[in-house]
Amino acid sequence: MTRNARLIYCHAIFFSLGLLVFGLQAASSAPQDQIGLPSEIILLPEDENAILVEKNSQTLFVFSGSKSKEGALPLQMVFSAPCSTGEIFGPKQEKGDKKTPEGVYFLIDEYEDRYLAPVYGKKAFPTDYPNFVDRRLGKNGSAIWIHGTDKALKPMDSNGCVAMENENVVFLSQYINLNATPLIIVDKLVPGNSEGREQDRQKIAGLVDLWRNAVEKGSYHEYLSFYDSSYLPDISWWEAWQEIRQTMVKNNQTIKLSLKSRGIYRHGDLFVVIMDMGLNAGPKNLHLGKRKLFIQSRENGSKIIGDVFQVKDSRYAKTDFPLVAAARELVSSPATKATALKTVQSWLTAWSAKNMDAYKTYYAPNFRSEGMSKKEWVERKTKLARRYDYIQVTGDNFKILKKKEGLEVRFLQNYKSSGFSTKGVKQLKLVNIGGAWKISQENWKGK
């Protein structure tokens, strides 16, 4: 039998199996006991779903959990449908190998049909393949999606994506929360049991709790003890974090790291934990983003082999260390009029010295004034600094008002240069970013 004939024969077997067990109807409801509760889902957050793709049967399943009085999260299969994975057997290794990856991934975007080529059908959801662990293992490639199709669905007929009939991918969309709903792809689902799942939950959740305690109040060496010797996480932020913790002690403050909406999933001996990370100090709570830990289970203990943000909160999107930035906001209490006044005076000094490198640091990334962005504004001011032999800017009669989005500073500005001089009222709107005041808007009214 030729290779092509063997592939056609295998396709036919898998397709027939999919028809026999699950049918081709949207939202089909195969009996729960046909597959059992998969061992790949250890802990599912309340109001969250998990998508599992079994290559062996060419079937996509959706499991959902609801919180009980005891706090448990019983799993229930709520949807299943036939799908098509890569035409070549085995987990994806490299670009163009026509294989579908295997592991725990997350869907990071959603495309409607008006933005898609017909081959992708009515909807498409890009995944985060290759994830952190994939890249460490040398795997590459990209554009692994769940998507619809404009042709008849056949088993193992994609270039590596998970393809579905259009009506099914549209139905699936109601179960997807971007960057939160896991997509677990396996060769064959492994049935689990409540006892084994609970043991895994306690083991991994316990490790994560100890890791959190080490971040909050442990030493550098205690923190690193949770990581595998083959993986050294970025610890360049630790010194700043330690200084903040010392300031807390002096100020009699308490700061807590919160890890909510935890999901724990597994693929073989690799566990993936995703959770909402927050920082709390008294009544103040700051959301940092969704943190993701890759934990390898071994006979001599479980260790973290990957530690990344799945997605950062928008206010910390441009910082490498949201934990430190948020802590500075909470601990140093920058929301004081004295701190804001000092910032404005330093800004005036930088402008008077024509120190444009320092001057531009006082502006927020989203600064807008007179129709100009931060870049355009700084370029304009830089040209003025080059034109004049000297610039002297002073302020008087400062008034600082608290606003919902930050602070507003008004003062009488006296501007002098070698080519121009004027007086007037300057109005600055300040926002707090990473514990520092930045100018988000600047207005001027001459006298």
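Scanning segment 221-244 for residues that are part of a helix (DSSP H, G or I), open to solvent by less than 80 Å² (accessible area, probe 1.4 Å) and at pLDDT 90 or above yields TYR223, LEU224, TRP238, TRP241, GLN242. Out of everything in segment 171-189 that is surrounded by fewer than 16 Cβ atoms within 10 Å (Cβ to Cβ) and assigned to a loop (DSSP other than H, G, I, E, B), what residue ends up being nearest to the chain's Cα centre (by Cα)? Among those that are surrounded by fewer than 16 Cβ atoms within 10 Å (Cβ to Cβ) and assigned to a loop (DSSP other than H, G, I, E, B), it is LEU178.
With the condition kept exactly as written, say whether any residue in segment 16-38 is at pLDDT below 95, open to solvent by 30 Å² or more (accessible area, probe 1.4 Å), in contact with a Ser or Thr (Cβ under 8 Å, 6 or more places away or on another chain) and part of a strand (DSSP E or B). No, segment 16-38 has no match at all. Restricting attention to segment 230-260, which residues are under 18 Å from ILE305 (Cβ atoms) and either free of Cβ contacts under 8 Å to residues at least 12 places away in the same chain or among the charged types (D, E, K, R) (or both)? Correct list: LEU232, ASP234.
All of ARG197, ARG212, ARG201 fail the test of being surrounded by 16 or more Cβ atoms within 10 Å (Cβ to Cβ), out of contact with any Ser or Thr (no Cβ under 9 Å at 6 or more places or on another chain) and either under 26 Å from VAL308 (Cβ atoms) or modelled with pLDDT of 95 or more (or both), apart from ARG201.
Scanning segment 141-152 for residues that are open to solvent by 20 Å² or more (accessible area, probe 1.4 Å) and modelled with pLDDT of 95 or more yields TRP145, ALA152. When GLY65 is tested against (1) modelled with pLDDT of 95 or more; (2) open to solvent by less than 40 Å² (accessible area, probe 1.4 Å), exactly one condition is not met: (1). The lone criterion from (1) open to solvent by less than 40 Å² (accessible area, probe 1.4 Å); (2) assigned to a helix (DSSP H, G or I) left unmet by ARG386 is number (1). For segment 284-310, the tally of residues that are basic (Lys, Arg) and in contact with a helix residue (DSSP H, G or I) (Cβ under 7 Å, 6 or more places away or on another chain) stands at 1. Considering ALA152, ALA124, ALA143, the condition of being in a loop (DSSP other than H, G, I, E, B), under 28 Å from PHE294 (Cα atoms) and of a type outside the set (Val, Ile, Thr) is satisfied by ALA143 alone. Selection of first residues in segment 415-436 that are more than 14 Å from PHE367 (Cβ to Cβ) and of second residues that are part of a strand (DSSP E or B) and among the aliphatic types (A, V, I, L, M), restricted to Cβ pairs under 6 Å at least 6 apart or on distinct chains, gives the following pairs, ordered by first then second residue: TYR415/VAL393; SER417/ILE391. Within the option set ARG197, ARG201, being within 18 Å of LEU259 (Cα to Cα), outside any strand (DSSP E or B), touching a residue at least 24 places away in the same chain (Cβ under 8 Å) and touching a strand residue (DSSP E or B) at 6+ places or on another chain (Cβ under 8 Å) holds for one residue only, ARG201. Scanning segment 245-261 for residues that are out of contact with any Pro (no Cβ under 9 Å at 6 or more places or on another chain) and part of a strand (DSSP E or B) returns LYS256, LEU257, SER258, LEU259.
Evaluate segment 425-435: report whether one residue or more is part of a loop (DSSP other than H, G, I, E, B) and either on the phi < 0 side of the Ramachandran plot or surrounded by 12 or more Cβ atoms within 10 Å (Cβ to Cβ) (or both). Checked segment 425-435: at least one residue is part of a loop (DSSP other than H, G, I, E, B) and either on the phi < 0 side of the Ramachandran plot or surrounded by 12 or more Cβ atoms within 10 Å (Cβ to Cβ) (or both).
Any residue at all in segment 438-446 that is of a type in the set (A, V, I, L, M, F, W, C) and not in a strand (DSSP E or B)? Within segment 438-446 (the criterion being of a type in the set (A, V, I, L, M, F, W, C) and not in a strand (DSSP E or B)), the answer is no, since none of the residues qualifies.
When the strands (runs of 3 or more DSSP E) confined to segment 270-370 are screened for residues that are in contact with a Cys (Cβ under 6 Å, 6 or more places away or on another chain) and open to solvent by less than 10 Å² (accessible area, probe 1.4 Å), none reaches at least 1 such residues. Within segment 351-373, the set of residues being within 17 Å of TRP444 (Cβ to Cβ) and free of Cβ contacts under 8 Å to residues at least 24 places away in the same chain comprises TYR359, GLU370, GLY371, MET372.
Considering each residue of segment 123-139, count those that are open to solvent by less than 40 Å² (accessible area, probe 1.4 Å) and either of a type in the set (Lys, Arg) or modelled with pLDDT under 95 (or both), and give that number.
2
For segment 92-115, the set of residues classified as surrounded by 22 or more Cβ atoms within 10 Å (Cβ to Cβ) and in a strand (DSSP E or B) consists of GLY103, VAL104, TYR105, PHE106, LEU107, listed by residue number.
The values are calculated or read from the model by the stated rules, or taken from the named source; none is laboratory data. Bear in mind that the values here come from a model prediction, so they are computed numbers and not experimental data. Heads up, the Cβs are rebuilt from the backbone with ideal geometry, glycines too, and the neighbour counts pull from every protein chain shown. Just so you know, the surface numbers come from the protein's heavy atoms only, side chains and all, with ligands and any DNA or RNA stripped out. Shrake-Rupley method; radii C 1.70, N 1.55, O 1.52, S 1.80 Å.
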